[in-house]
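Working notes for the structure below.
A short reminder: the numbers here are calculations on the coordinates, not readings from a lab. This is a predicted model, so every value here is computed, not measured. Glycine gets a Cβ as well: all are built from the backbone with ideal geometry, and neighbour counts include every protein chain shown.
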Amino acid sequence: MRTPFPSLTETWHSSSYPAISPSRPELFVKGRTVLVTGGGVGIGAGITRAFAEAGAACVALMSRSEKNLLATKASIEDAFPAAKVLTVVADVTDRQSVQTAFDYILDHMGKIDICVCNAGVLGTAGPAATVDPETWFEPYEVNVKGSLLVAQAFLRQATSGSFLLHIASGMSHMPAVETQLSAYVSSKAASTKLFDYIAFENPSIHVVNIQPGIVASEGNRQSGAPVLDDPELPGHFCVWLVSPEAQFLKSKYVWVNWDVDELKVRKKEILETELLDIKLDALSFKDWKLANLFEFTR
């Protein structure tokens, strides 16, 4: 099958399909509470909608724009009248704003079981050699610092088995292909590695890095990327990711376009090897431990 990118699975999806449908009883998240940052528009709104469809006890949307939050809340409640939707205006780059938002959510819907770190910005594009350094660092504030602050607030209240999903960017592990996006891509590479460390440091928390496809979003509009995927695909894939069927993808990096049935066939390989780990492809670290270094000290 011809695909727009190299793919781990032979089947490539640009739209949702029965195996990841939130209407599947096996994927229901009844009784669970969900938080999606950047949940007012685009990918975040789609993820929130998918969890509402899957029967979440409550879904909370966090964003800087109250207008977008209220519009998405109304849309979800119109489609799923039984859904409980909470909106919280917050700036993910401000520690106090994030903690106040979490306190509000905890007071109104209880412990958060699933947190999706989706808030992100493209920033101002420009060649690394000439771009203003102050402008260049803007994506790091949201994509890295913001992700860290949200993850910290979530981990302070999380219990064993909770889910922390990070919406990454496939460009962060691809060869450089665009002369204008060094700030955005490097910030997403940094945030992806951040969540790799969060997974390592918190083994009881289920962490996954996710390439969400190329859907209609503000960032993709700014970058001029073509729309290749339907907006519901990343949300439906995230619902599947927190199901028992996807437990083998804990601490891995996945693309929403990959076929989940084909992934399940490779479950043993994924669990027992470095497949889907974030690393330099030519080197294997499977049996390497930090303690190995001390064998070489003199």
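Measuring r between the beta carbons of residue 200 and residue 179 and using R0 = 41 Å, the FRET efficiency lands at 0.75. Once P(r) over Cα pairs in 10 Å bins from 0, in percent is calculated for the structure shown, the corresponding label among [x] 5, 22, 27, 21, 14, 8, 2, 0; [y] 7, 32, 39, 20, 3, 0; [z] 6, 28, 37, 22, 6, 1, 0 turns out to be [z]. Under the criterion of Cα pairs below 8 Å and six or more residues apart, the relative contact order for the chain equals 21 percent.
Multiplying the residue separation of residue 84 and residue 107 by 0.36 nm and subtracting their alpha-carbon distance yields 6.8 nm. Computed over the chain with a Gaussian network model linking Cα atoms closer than 10 Å, the most mobile of 237, 285, 51 is 285. A straight chain from residue 271 to residue 67 at 0.36 nm per residue would run longer than the Cα-Cα distance by 69.1 nm.
Positive-end ranking of 157, 136, 19 along the dipole of the chain, with charges on Cβ about the Cα centre, is headed by 157. Summing +1 for each Lys or Arg and -1 for each Asp or Glu, what net charge is found among the other residues whose Cβ lies under 12 Å from the Cβ of residue 213? After counting each charged neighbour, the total is -3.
Please give the Cα centre distance for region 78-119 versus region 33-51, rounded to the nearest Å. Spelled out, the Cα-based centre of one part sits 10 Å from the other.
Per residue of the chain, the DSSP helices (runs of n ≥ 4 H) give a summed -39500 (n - 2.57) that works out to -10500 deg cm²/dmol at 222 nm. The orientation-averaged shadow of the Cα convex hull for region 151-265, equal to a quarter of the hull surface, comes to 7.9 nm². Spacing of the modelled spin labels on residue 28 and residue 99, each 7 Å from Cα toward Cβ, amounts to 3.9 nm. Shown here for region 170-259: GluC sites (Glu not before Pro) in loop regions (DSSP other than H, G, I, E, B) with at most 14 other Cβ atoms within 10 Å, namely 178.
Using r as the Cβ-Cβ distance of residue 160 and residue 243, and R0 as 22 Å, what FRET efficiency do you calculate, to the nearest 0.05?
0.80
The charge dipole of the chain, taken about its Cα centre with unit charges on the Cβ atoms of Lys, Arg (+1), Asp and Glu (-1) only, comes to about 480 debye.
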